[in-house]
Amino acid sequence: MMKPHKLREFKTIVRRVADDSCIAACMSNFIRENDLVGQLHLPESKIRVIRAAVPDDIADGRIPEGESGRAQEIDPRLNVPYLFYPSAFRHYKNHILLIRALRMLKDRTNVNWKLAFTGIRRCPDYIQEEIRKQHLADDVVTLRQVS
């Protein structure tokens, strides 16, 4: 995605920062292996994969005061608590895991959760298939690109 001279410059800066750092953190093994080790050649001893955690208060499903109307202006289906994942559709992203997590939330709570994805392109077939498999066609909202 970068011009070769810009990539060389970027790698030089990253190398200096990495050499001086104690830890380089990322959120997935894919990023660790492909970007930090594969592209930037960071020493594996410094890399830590830190997983995102579920917020403690997610199960109560409360929408913050004044928030529900704004989401409905974007898409009328977002009239209940929803999880928002602004991310490009890529196989290594967590769309499938979030769909499965939505199924679990709906099965384990009395809250009518929704899940909102964004994307420049339409939702890929493999994600659509998981939505069907989990019986969540009415609960996963795919928004186009958002500001």
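Given their separation in residues at 0.36 nm each and the Cα-Cα distance between them, ILE23 and ARG90 gain 21.5 nm when the chain is fully extended. Relative to the Cα centre, the charge distribution of the chain, modelled as +1 at Lys and Arg Cβ and -1 at Asp and Glu Cβ, gives a dipole magnitude of about 600 debye. Under the criterion of Cα pairs below 8 Å and six or more residues apart, the relative contact order for the chain equals 17 percent.
Once the chain from ASP35 to ASN112 is taken as fully extended at 0.36 nm per residue, the excess over their C-alpha distance is 24.0 nm. Probing with 1.4 Å while keeping every protein chain in the model, the per residue accessible area of the chain equals 71 Å².
VAL17 contributes about 90 Å² of solvent-accessible surface, heavy atoms of the protein only, 1.4 Å probe. Accessible surface comparison of ASP75, ASP138, ASP35, probe 1.4 Å, protein chains only, largest first: the order is ASP138, ASP35, ASP75. Residues considered: ARG16, ARG103, ARG32. Largest GNM mean-square fluctuation over the chain, using C-alpha springs under 10 Å, is found at ARG16. Computed with a 1.4 Å probe over protein heavy atoms only, the accessible area of ARG132 comes to about 140 Å².
Amide H contacts of ALA24: ILE47, ARG48, each under 5 Å away and 5 or more positions distant or on a separate chain (H built 1.01 Å from N in the peptide plane; Pro and chain starts excluded). Placing dummy labels 7 Å off each Cα toward the beta-carbon, the span from LYS133 to LYS3 is 4.4 nm. Considered as an equivalent ellipsoid built on the Cα gyration tensor, the chain has semi-axes of 35, 18, 16 Å, the largest given first. Across ILE96, ILE50, the residue with the most accessible area heads the list, and the full order at a 1.4 Å probe is ILE50, ILE96. Mean-square fluctuations from a GNM of the chain, with a 10 angstrom spring cutoff on Cα atoms, peak among SER28, SER45, SER87 at SER45. The accessible area of MET104, taken with all protein chains in place and a 1.4 Å probe, comes to roughly 90 Å².
Shown for the chain: the carbon plus sulfur share of the solvent-accessible area, taken with all protein chains present and a 1.4 angstrom probe, equals 53%.
The values are calculated or read from the model by the stated rules, or taken from the named source; none is laboratory data. The model shown is predicted, which means the values in this text are computed figures rather than measured ones. Don't worry about glycine lacking a Cβ; one is built from the backbone with ideal geometry, like all the others, and counts go over all protein chains shown. Calculation scope for accessible area: heavy atoms of the full protein, side chains included, ligands and nucleic acids excluded. Shrake-Rupley method; radii C 1.70, N 1.55, O 1.52, S 1.80 Å.
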